[in-house]
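The values are calculated or read from the model by the stated rules, or taken from the named source; none is laboratory data. Remember, predicted model here, so these are calculated numbers, not experimental data. Every residue, glycine as well, gets a Cβ built from its backbone with ideal geometry; the counts of neighbours run over all protein chains shown.
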Amino acid sequence: MELTNLIPGYQPLPFPLPTWLMQLLLLLGFYLHALPMNVVLGGGFVASALFFFGRSDKTSYSYRAAKALAVSLPLFISFAVTQGIVPLLFLQLVYGPAFYTSSILMAAPWLGVLAILLASYYISYIVIYRTLKGEYSTKKASVAALLLLVMSIGFAAIGYIFTNNMTLMLHPEKWLPLYQQAATGMHMNSAEPQLAPRYLHTFLASLAVTGMTLGCFGLYMVKRDEKFSDWMIKSGSRLFLASTLLQIPAGLWYLKSLPPHLAAYFLGGDNLITTIFAASMLLTLLAILFSVIAALIGSKPAFIAALTTNAILILTMIINRHQLRMLYLNPYVKPDSVAVSTQWDLLAIFLVSAVALIAYLVWLSKLMLRAFKKPITNDDSTTTSLTSTTAEIAPST
Amino acid sequence: MNYPLWVVPHIGGTWVIGIISIIHVFISHFAVGGGIFLAFAEELAYKKNDDRIYDFLKQHSRFFVLLTTVAGAITGVGIWFSVSLVSPDGLASLIQSFTLAWAEEYLFFVAELATAFAYYYTWDRISKTEHLFLARLYMIFSIFTLVIINGILTFMLTPGKWMVNHYWLDGVFNPTYFPSLGIRILIMLAIAGMYALVTSSRIKEPRFRAFMVRYCAKWLLPVFILGPIFMVWFLTQIPQASIDTIFTGIQTSGVGNFSVLARALYLSMVLSGTILLFAYFGPYLNPKAFTFRIAIMFMVCGLAVTGTTEWMREMLRKPYVIYGYLYSNGIHKDDVQTISSQGFLNKGKWASALAQHANSEEERGELIFRYQCLACHTADGYRSMKKLLGARDEEAIENFLQILRKTDPKSNNYTGIMPTLAVNDAELKSLAKYLSTINVEERHHAEQVGAKPDVKENASTVQ
Ligand code: HEM
């Protein structure tokens, strides 16, 4: 059968935005999802390990770093979930014909994402309220390590299901046989050659981003505790360095797992794709270089350079990832064929609101910073435990 | 027919959406109502300068933040996920029309979440005036998320002028927009009161507990006083066919004079009335005797009302996802005519692809059943086809399907609840053949009992 006969059509309605703008918002939205999502994915494992190693001494750097990460995790989860909405919206809009189909084929695990997310999200709060509040004990620290491990396995499973869906949507030739096997949505894309390397690639990246996050915590507390800050920057950079070095063979494996005619686009076959790919390789080298310096001597400028390089690097990777999707789907899914009737009025409202939101968030962050500079006014407060733990990580006792 | 159809045994796809939605509605209405509650109660604390109310609010806000930012947000994404699996054509139509409205809602949602965290983390860390300001901001942002999403929800029932011009603003501000907004806000206040009753019931000091219990009970009142007014306004705006579905029922469906909808309406009213009476005689008149258990009972009743009300809202929209435009089974109303002359199994992408592999007539019939009936029925579970077909034999089923195929409500009195069957003659026969394999047991049973086969349809086709 002609595969194009299996690609559902778009609805007989125009698109509300030009295609390029939808693609841009999809990319941007996914970038903003990927950053906190990486901290969630890697941060849980790292915090668990740090709690385990620092469990017998609450003044150890390991314990304190773990606590800093654990306390901030719910916020990162919240960002990751909220920022997931944007790419979800635009993915459905632009690539709906492929994405709805693959989601239906794996409906059960796909809905399972939400159950796992709910459980893992609440575990992140249980860790804070049950193991980090009140009297410290080695046992509580071990429980924290264990709970965080369980939570992280949940998040790792979510990421795995996502990778399954993101790759299944690229392969229309697999759809009909899967559906004919069972229409109850129990499938995954486990036989996909791209799956393991792609997932490994994401996972290593999440450890690297967690390293950068630890370093950022270090930067934040330079004034309050210089030694701890130095340790955080060094260890964060080391974590980044180690996972990025591992990323080299993982990335090569990923590239090799792609169909040769598609891999060729990245290796000179297409100017734009190759340029971005080359840029990402260059940025990787730079990031490695900067993080070596930061890991060895704890240099703040070197760390900041690594951080910035890495932020751009992730963006290039995401663009490449998007281009790969276009390469796969171009013969089948054609968003350009849909009429566009731009909703200018609503777009204008949206843009103005977006700017207003950014201004508001800046104002709110300033308020928060000011609130956390001052000591707390009412000591027997029960609700502020979260934030007081954030403050506690700084002063060394 | 455009997509592969997700088959959910026993409960059907509708209930997958249904379960997630009911939980989400109950939490998200709390997110908005609770926001209003927190702002007003904090103002009370501020004016009275009463630390006990502040302590109560700190306690309550922790519960609030943990529930709304986690379970509220995730069940919200959950509705979206589940609708995309069960009704991809419907969701795609909504997204193609309202992406930017959703994007706008997302902005308010981000502001709402950020403010919720800021509000919660800054107790005692900023001045009381500033904190009250945050509470009010939260209230405003959360109301705005409702203002937008209400447009999309009501659009599905009454698309209004959008049907003509496809202009987003006409879709959002459709005929039921304002009455529905009113009802929702009232319900939100009541739900906020119920949740706050739970926290209040845990206050140790008896006199203060009595004070707070009474204060919270008052939040249940507005919906009972103003609710009926908005409800009547709402009912005047919905399509006549939906009203008929409620009040006259479906005579031939064999459920008697009361339609299921009317029953749900009465159930919802009885439950709400119970809550009101209990709220008045319990926490309001007798706040001292109020306990945690009673508070939980209120919550259970509230959840039941939410459940029945949401189910009713869904039923009103039957048989459409977007009223008068797109049927629940993903078929456009305007396409029915062409399909019934050219056939269904060569029209939609997946339906026709699957049909090429269907070798027998039953298999083709099963495909039509899957694509045109499973949106609301299951073979043997929820709205069981087996039960509903009863003892009809193949011929009786065929006659029934002939009715279902008519577009004129005069000769097809199912038009208010079921989509017009879109098939050609041969396909109708295949479907009948397949359906007759579902209710073999039923027929067998009826023969033993000696009941006459159902001849109702024969009568009405003769008409
Ligand atoms: C917090 C738990 C989550 C984790 C660990 C996670 C992880 C991931 C991963 C690993 C990918 C990339 C998959 C790949 O391309 O191989 C991804 C993509 C994506 N995620 Fe998440 N995710 C989470 C939550 C969410 C939620 C709640 C949403 C929806 C609101 C969401 C929306 C998306 C979307 C739409 C994409 C695809 C974007 C694109 O392909 O352009 N994620 N996620």
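Scanning segment A:143-198 for residues that are of a type in the set (Val, Ile, Thr) and farther than 22 Å from B:Phe81 by Cβ turns up A:Val143, A:Val150.
When every residue of segment A:56-70 is checked against the conditions, none turns out to be without any contact (Cβ under 8 Å) to a residue 40 or more places away in the chain and either facing chain B (nearest Cβ under 9 Å) or within 9 Å of the ligand (Cβ to nearest atom) (or both). The single residue among A:Leu146, A:Leu117, A:Leu111, A:Leu93 that is part of a helix (DSSP H, G or I), more than 27 Å from A:Leu176 (Cβ to Cβ) and more than 8 Å from the ligand (Cβ to nearest atom) turns out to be A:Leu146.
Matching residues to (1) within 11 Å of chain A (Cβ to nearest Cβ); (2) touching a Gly at 6+ places or on another chain (Cβ under 8 Å); (3) assigned to a helix (DSSP H, G or I):
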{"site": "B:Gly13", "(1), (2), (3)": "yes, no, yes"}
{"site": "B:Ile20", "(1), (2), (3)": "yes, yes, yes"}
{"site": "B:Ile27", "(1), (2), (3)": "no, yes, yes"}
{"site": "B:Leu38", "(1), (2), (3)": "no, no, yes"}
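Conditions tested, residue by residue: (1) in a loop (DSSP other than H, G, I, E, B); (2) without any contact (Cβ under 8 Å) to a residue 24 or more places away in the chain; (3) in contact with a strand residue (DSSP E or B) (Cβ under 7 Å, 6 or more places away or on another chain).
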site	(1), (2), (3)
B:Tyr106	no, yes, no
B:Tyr119	no, no, no
B:Arg125	yes, yes, no
B:Leu134	no, yes, no
B:Pro179	no, no, no
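Here is the figure for segment A:124-143: residues that are crowded, with 20+ Cβ neighbours inside 10 Å and either part of a loop (DSSP other than H, G, I, E, B) or within 16 Å of the ligand (Cβ to nearest atom) (or both) total 3.
Being within 16 Å of the ligand (Cβ to nearest atom), within 14 Å of chain B (Cβ to nearest Cβ) and either within 21 Å of the chain's Cα centre (by Cα) or more than 22 Å from A:Ala80 (Cβ to Cβ) (or both) is a property that A:Phe203 lacks.
Any residue at all in segment A:13-36 that is under 30 Å from A:Asp225 (Cα atoms), part of a helix (DSSP H, G or I) and either of a type outside the set (Gly, Ala, Ser) or away from the ligand (no atom under 15 Å from the Cβ) (or both)? Yes, segment A:13-36 contains at least one residue that is under 30 Å from A:Asp225 (Cα atoms), part of a helix (DSSP H, G or I) and either of a type outside the set (Gly, Ala, Ser) or away from the ligand (no atom under 15 Å from the Cβ) (or both). Could you tell me how many of the residues in segment A:4-46 are more than 8 Å from chain B (Cβ to nearest Cβ), of a type outside the set (A, V, I, L, M, F, W, C) and buried (at least 22 other Cβ atoms within 10 Å of the Cβ)? Number satisfying all stated conditions: 5. Listed by first and then second residue, the pairs with beta-carbon distance under 6 Å, at least 6 apart or on different chains, first residue in segment A:152-176 and within 21 Å of B:Asn2 (Cβ to Cβ), second within 10 Å of the ligand (Cβ to nearest atom) and not basic (Lys, Arg), are A:Met169/A:Phe99. Restricting attention to segment A:335-350, the residues being under 28 Å from the mean Cα position of the chain (by Cα) and either at the interface with chain B (Cβ under 8 Å from one of its Cβ atoms) or basic (Lys, Arg) (or both) number 2. Just name the residue that is nearest to B:Asp170 (Cα to Cα) out of those in segment B:91-100 that are within 7 Å of another protein chain (Cβ to nearest Cβ) and touching a residue at least 12 places away in the same chain (Cβ under 8 Å). Restricting to residues being within 7 Å of another protein chain (Cβ to nearest Cβ) and touching a residue at least 12 places away in the same chain (Cβ under 8 Å), the top hit is B:Ser97. Scanning segment A:315-370 for residues that are assigned to a helix (DSSP H, G or I) and small (Gly, Ala, Ser) turns up A:Ser337, A:Ala348, A:Ser353, A:Ala354, A:Ala356, A:Ala359, A:Ser365.
Pairs linking a residue in segment B:68-90 that is more than 7 Å from chain A (Cβ to nearest Cβ) to a residue that is in a helix (DSSP H, G or I) and within 13 Å of the ligand (Cβ to nearest atom), with Cβ atoms under 6 Å and 6 or more positions apart or on different chains, do not occur. For the criterion of being out of contact with any strand residue (DSSP E or B) (no Cβ under 8 Å at 6 or more places or on another chain) and farther than 23 Å from A:Leu327 by Cβ, A:Leu176 fails.
Do we find a residue being within 16 Å of the ligand (Cβ to nearest atom), in a helix (DSSP H, G or I) and within 25 Å of A:Thr284 (Cα to Cα) anywhere in segment A:211-221? Yes. Closer than 22 Å to B:Leu354 by Cβ, within 14 Å of another protein chain (Cβ to nearest Cβ), within 11 Å of the ligand (Cβ to nearest atom) and at pLDDT 95 or above: is that true of A:Met169 in this structure? Against the criterion (closer than 22 Å to B:Leu354 by Cβ, within 14 Å of another protein chain (Cβ to nearest Cβ), within 11 Å of the ligand (Cβ to nearest atom) and at pLDDT 95 or above), A:Met169 qualifies. Restrict the check to segment A:178-185 and report whether at least one residue is within 12 Å of the ligand (Cβ to nearest atom) and within 11 Å of chain B (Cβ to nearest Cβ). Scanning segment A:178-185 turns up no residue that is within 12 Å of the ligand (Cβ to nearest atom) and within 11 Å of chain B (Cβ to nearest Cβ).
Quick one: is B:Ala111 within 7 Å of chain A (Cβ to nearest Cβ), within 26 Å of A:Gln92 (Cα to Cα) and surrounded by 19 or more Cβ atoms within 10 Å (Cβ to Cβ)? So B:Ala111 fits the description; yes.
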